[in-house]
Structures are given as C-alpha cells and as structure tokens.
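Here is the structure we will look at.
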Amino acid sequence: MKLVSLFAQRSAAWLAAAMIVAMNSQFAAAQHVPKNFIVHEAPKPVAAITFEDAKRARTGLGDFTGKVVVLNIWATWCGPCRREMPALDRLQATLGGPDFAVVPLSIDRGGIDTVTKFYGEIGIRNLPIYIDTSGQAVRELGAVGLPTTLILDRSGAEASRVVGPAEWDAPEVAEFLRPIIARRSDPSIRADRDHNDGQPVPGPLTRGVRWLKTLLVK
C-alpha cells in the first residue's frame, strides 16, 4: 500500500508540474514582451533615489508612488538616448496622467540648462526635466549603460527593465504597459514584501516549484 501511495503522490506531483509549466508558457506568450524588455518574475525593490526637478527642487521616486513609472536614465551626450527621446515624449502624451508618468532622469553634468536647450532643439513638449548630476541613479539602480529604463509598478517596485533603446511609441509597448497601469496596488503584496525583509515576493512559478519539491521529498 505504501508503494501505491508513493506512486500516486509522485504522479500527482508530475501532473501538477506539467500544468504549471503550461500555464507559465501561456502567460509568457500572452505578454507580447517588446524587444529589449526584461520582465521580472516578481517585482524587485528599488533604491529610494532623489534628484532635482526643473525648478531645482529636490524630489524622488517616492513622490511617484501610486503611479506606474517609466524611469529613463539618459544623457544628452548619449546618441541612442537622444534618438529615443521623441518617442518617450509621444508615450507620455499618449498614456500620461494620474496613473502613469514618464520620468526622464538626465545625468548631464551641465544640469538643467543643458537639458532645457536639448528639449528645445528637438521639440520635446510633454516630458518634464529631472536631473541627477551626482550619478547616484546609475550606481544605486545598477545601470550598466545608457539608456537604461526601469518600469516601476504602483508600489514603486521594478516590474521590468529595458537595457538600451526601445521604440517607446510602438503599439506593442502601449499594449505591454496598459495591463500594468490597470493593475491596482495590492496592500497584501506590499505587506508580504515587508514581512520578507524587503526581498521580492516569489512569483507563482517559484512558489509552485517549491510546493512540488515538498511533495517529491516525502
């Protein structure tokens, strides 16, 4: 009887594993992840960096909590950054509002005047100006090159990252962002993250694999 019971447990475990893999594959296919986008299985905590706005007042990522944020780290001397800025401007025009914001964070040492001049030259109308001349954002957020873009959920956690330029005004980008914008903050997820000593809450696939391991070792 013990042998039959063990066989039944193992069969159930492998069946559950197959279902989890299938569900994960279907979810990934439904995502339609744009080029260069790295989607995290679970949102990652982000350092509480601060920077200056166009009026030279201190602000920071904490001021955007409750919004989905496209945080773009860039500089006027970066060719790919300059080329994607008009597309980011159009993205802000399309989706910007109380639930979404493009936050272009320049690391130009020339400061606000340099960015203001650049915006005027290429006709940027919808993007605000934010400056980090200290380089804190590059260090704290682990940017390995420019441009680097973080997509932050409403709780301020990193849901996705883009290394290099992207076609921000492409339809697939808007389609990727809209479900994130539509998703409201879940206080229970934030509480779980706090209870987990600030570490990311495991995603459904990770939790499923852990559950399977407990079945297989019995």
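Coordinate-derived values only; no laboratory data. Since the model is a prediction, treat every value here as computed from it, not as a measurement. Backbone-built Cβ (ideal geometry, glycine too); neighbour counts: all protein chains shown.
Net charge of the neighbourhood of Val138, taken over other residues with C-beta under 14 Å away and scored Lys/Arg +1, Asp/Glu -1, is 0. Once both labels are positioned 7 Å from their Cα atoms along Cα-to-Cβ, the gap between Ile180 and Asp113 label points is 3.6 nm. Amide H to amide H, with H built 1.01 Å from N, Phe100 comes under 5 Å of Val68, counting only residues 5 or more places away or on other chains.
How would region 34-185 be classified by its alpha-carbon gyration tensor: rounded, prolate or oblate, with rounded meaning a/c under 1.5 and the a/b versus b/c comparison settling the rest?
Verdict is rounded for region 34-185.
In this simple spin-label model, placing a label point 7 Å from the Cα along the Cα-to-Cβ direction at both Asp63 and Trp77 gives a separation of 2.6 nm. Simple point charges give the picture: +1 on the Cβ of Lys and Arg, -1 on the Cβ of Asp and Glu, and for region 34-185 a dipole about the Cα centre of about 140 debye.
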